[in-house]
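Just below is one structure, and these are the notes that go with it.
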Amino acid sequence: MNSKNRYDEDIEPEFESESAYDISDGSGVSSRSIYQIRSRRPRFRLLFGGILLVLLLLIVSMFVVARSLPGSSLYAMRVNTLEPFLGKMRFFGSSDGEIELSLLSRRLDDMKRLQENGNLSGDALSKLLGEIEKHHSALNTFLEEDRGASGEVSNETVAVAEEDMLLTSSAISILRAMERIMETDANHPPEAQQFEDWRRMAADIHEKKIEVFLKAEAKRARKEHEGDTANGAAKEAEKESLASFIGERLAVVTAHVADDRLSRETASIVGDKIGAVSRWLGQDNYVLAIQAVLEAEQRIETEGYLVGTSAAAPAH
């Protein structure tokens with residue numbers, strides 16, 4: 001046989017076969033597979049880098065929008081799109097009232113920043129007032145529902161009534177802070193009057209919410225002591241629960257007074273309210289006692305909002 005032909009027959013098929021290039025490294029992975037994997041790495045790196053860049057741009061854009069103020073072209077996007085989305089994420093499972101109160105607090109921050117920048121006027125102020133009125137109206141609509149006043153009374157319904165009462169109290173604190181800001185600016189007496197009207201409206205709702213809370217507490221006490229024909233145990237349980245609530249709120253108030261960081265005016269008002277709480281408790285007048293202790297809290301919260309201290313965070 002011709003040696004050349006034998007060489008061609010024996011060797012050429014090996015070069016024609018794909019396995020000729022698939023040299024194994026002993027691990028079962030061919031050199032071709034390794035080459036293909038390595039050749040894809042730059043593509044994955046480019047894709048990963050592109051995704052990171054998009055995320056970075058998105059975060060920066062959200063930050064810029066979140067910092068925009070009334071008068072900016074981005075402000076409408078902030079209040080109509082970004083804040084509702086972030087609010088639902090942050091307050092997942094919370095009531096609409098809590099979300100609206102948080103947004104009302106954000107409008108107070110906007111007002112303070114506009115005042116610091118000297119832009120609390122004109123179109124910026126008009127847009128800000130529009131947003132404040134929207135949140136105030138939505139919060140009032142939410143609070144008009146007597147969620148804790150009727151139906152099957154339980155610990156949960158009492159907690160709901162308490163939440164509504166405290167939400168209204170915090171709204172009064174925020175509105176009073178807004179009113180004070182407007183009062184310090186001689187150019188805005190009509191706006192200051194508007195905030196005073198809104199605050200008085202919130203105060204009227206607040207009184208109703210105190211009554212709803214007291215009724216819910218009374219119903220719960222009667223339900224827990226249905227077997228007591230004289231109903232004396234139910235009344236004592238109701239008093240004990242209300243006294244405990246007032247005591248907890250009073251402890252928060254006195255702690256702030258003890259810190260000695262309040263202004264002289266606020267400390268004087270709060271001191272008067274503390275005295276009123278003791279006086280009304282001595283007369284078993286729990287309506288006025290609760291009203292006095294929450295008014296003390298409101299004064300502390302208002303000052304906290306204005307000066308940016310931790311007192312601005314209501315302890316609900």
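Readers should treat all values here as calculations from the given coordinates under stated rules, not as data from a laboratory. Computed from a predicted model, the values in this text were never measured in an experiment. As a convention, Cβ positions derive from the backbone with ideal geometry for all residues, glycine included, and neighbour counts pool all protein chains shown.
Take every Cα pair under 8 Å in the range 75-228 that's 6+ residues apart, average their separations, divide by the length, and report that relative contact order as a whole percent. Reported relative contact order: 25 percent.
Between L175, Y75, A138, the Cα set farthest toward the positive side of the dipole of the range 75-228 (charges on each charged residue's Cβ, about the Cα centre) is that of Y75. Evaluating 6.51 cos²θ - 1.76 cosθ + 1.60 at θ = phi - 60° for every residue in the range 154-166, the Karplus couplings come out as 8, 4, 5, 5, 5, 5, 5, 4, 5, 4, 4, 4, 6 Hz, glycine and proline recorded as x.
The calculated FRET efficiency for L57 paired with E116, based on their beta-carbon distance and R0 = 41 Å, is about 0.90. Once you treat every alpha carbon in the range 46-94 as an equal point and sum by Debye, what is log10 I(q)/I(0) at q = 0.19, 0.24, 0.32 Å⁻¹? Values, matching the q order: -0.71, -0.86, -1.06.
Using C-alpha positions alone, give me the convex hull volume of the range 68-132 per residue in cubic angstrom.
Hull volume normalised by residue count: 71 Å³.
Each listed q (0.11, 0.14, 0.20 Å⁻¹) maps to a log10 I(q)/I(0) for the range 165-316, found by the Debye formula over equal Cα scatterers with no solvent: -0.48, -0.73, -1.23.
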